[in-house]
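Have a look at the structure below before the remarks.
The values are calculated or read from the model by the stated rules, or taken from the named source; none is laboratory data. Remember, predicted model here, so these are calculated numbers, not experimental data. So basically every Cβ, Gly included, is an ideal-geometry build from the backbone, and we count neighbours across all protein chains shown.
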Amino acid sequence: MSASCTVRRPSWLLIAPFLAVLLLLSPVARADERNVAQAGDEIWDPLEPMNRYFFEVNRFLDAVALKPMATWYGALPQGVRTGTGNFLGNLRNPWTAINDGLQGEGNRAGTAVARFVINTLIGFFGVFDPAKEMGFVQHDEDAGQTFARWGAGDGPYLMLPVFGSSNGRDLVGLVTDAILDPFNLLTRGADANWASPARSGMTAVHYRDANRQQIEDVERSATDLYATVRRITADRRRSEIRNADPGSSTPSPRMTEHEGLGGSGPRAEVPR
């Protein structure tokens, strides 16, 4: 009996995200989003009191844990920090290539594959980035972006504990990323369940340090920090779905990375 249970649990885990996407595609959810858009392109935030509560929880966690760790990390030599970002970005490239393929973006999928092969073989497992010098520029795709390209609406805005700013569709994408990312599959198969949380933690610390000034600027200038972060992250996510150049976009408010990489490495994180 224990063996059969072991077999069934992964099957349901694989199916559940796609069932949730079907719910996000339902006429009721899409109609709600259309009504909100017609009212002035406001972000649908029906759970705002709860979201604001978790926003403050995340700010507390940032203050007591992530920011101090990022301060220590920021004292390391620049070369160490750059290599860390490159390494983390390289780990994400296989999942980016898969999502590019699912979106019908063959050229972008090829770029992600080329980056992974080149940087793994001659970039010391991605610590260095020779692929960029060859014209293969880092980009990111994740399951949430794929679902959006398939027609899934945003769903309600969500402020997730620890993970930060999201929405209904991207929450499904987060679960799908966690289950199907090749890195996670390989490390679970090798009984290295610590590897995925370690990668997320390293990414959060790296990009908390890299975006320190942006985070401080947002905190200093915003009259309503929660509303400012909500708008910044929603606008940035829409740009990512359109495959727009990320440029110098303001980082997203989340304690740990789950959306993947953007620009020259894992996506920027944690403005609170």
Scanning segment 177-199 for residues that are among the hydroxyl-bearing types (Ser, Thr, Tyr) and either in contact with a strand residue (DSSP E or B) (Cβ under 9 Å, 6 or more places away or on another chain) or under 29 Å from Phe60 (Cβ atoms) (or both) gives Ser196
Residue count, segment 187-207, condition charged (D, E, K, R) and modelled with pLDDT under 95, comes to 2
Top-ranked residue of segment 186-209 - restricted to ones that are among the small types (Gly, Ala, Ser) and under 16 Å from the mean Cα position of the chain (by Cα), ranked as surrounded by the most Cβ atoms within 10 Å (Cβ to Cβ): Ala204
Being of a type outside the set (Val, Ile, Thr), more than 18 Å from Phe55 (Cβ to Cβ), surrounded by fewer than 17 Cβ atoms within 10 Å (Cβ to Cβ) and over 12 Å from the mean Cα position of the chain (by Cα) is the filter here; which residues of segment 150-182 pass it? Trp150, Gly151, Leu180, Pro182
Checking the conditions here, which among Phe136, Phe124, Phe60, Phe128 is of a type in the set (Phe, Trp, Tyr), free of Cβ contacts under 8 Å to residues at least 24 places away in the same chain and not in a helix (DSSP H, G or I)? Phe124
Got a sec? Which of Ala114, Ala70 is of a type outside the set (Lys, Arg), in contact (Cβ under 8 Å) with a residue 40 or more places away in the chain and either closer than 25 Å to Val205 by Cα or part of a helix (DSSP H, G or I) (or both)? Ala70
Within segment 49-87, restricting attention to residues that are of a type in the set (Phe, Trp, Tyr) and exposed (fewer than 12 other Cβ atoms within 10 Å of the Cβ), which residue is nearest to Ala227 (Cα to Cα)? Phe60
I need the full set of residues from segment 102-131 which are acidic (Asp, Glu) and touching an Asp or Glu at 6+ places or on another chain (Cβ under 8 Å), in order please. Glu105
If you go through segment 42-64 one residue at a time, do you hit one that is among the aliphatic types (A, V, I, L, M) and modelled with pLDDT under 95? yes
Return yes when Asp100 is in a loop (DSSP other than H, G, I, E, B), under 22 Å from Ile179 (Cβ atoms) and among the acidic types (Asp, Glu) and no when it is not. no
Test Ile232 against the criterion of being assigned to a helix (DSSP H, G or I) and either of a type in the set (Ser, Thr, Tyr) or surrounded by fewer than 17 Cβ atoms within 10 Å (Cβ to Cβ) (or both), and give yes or no. no
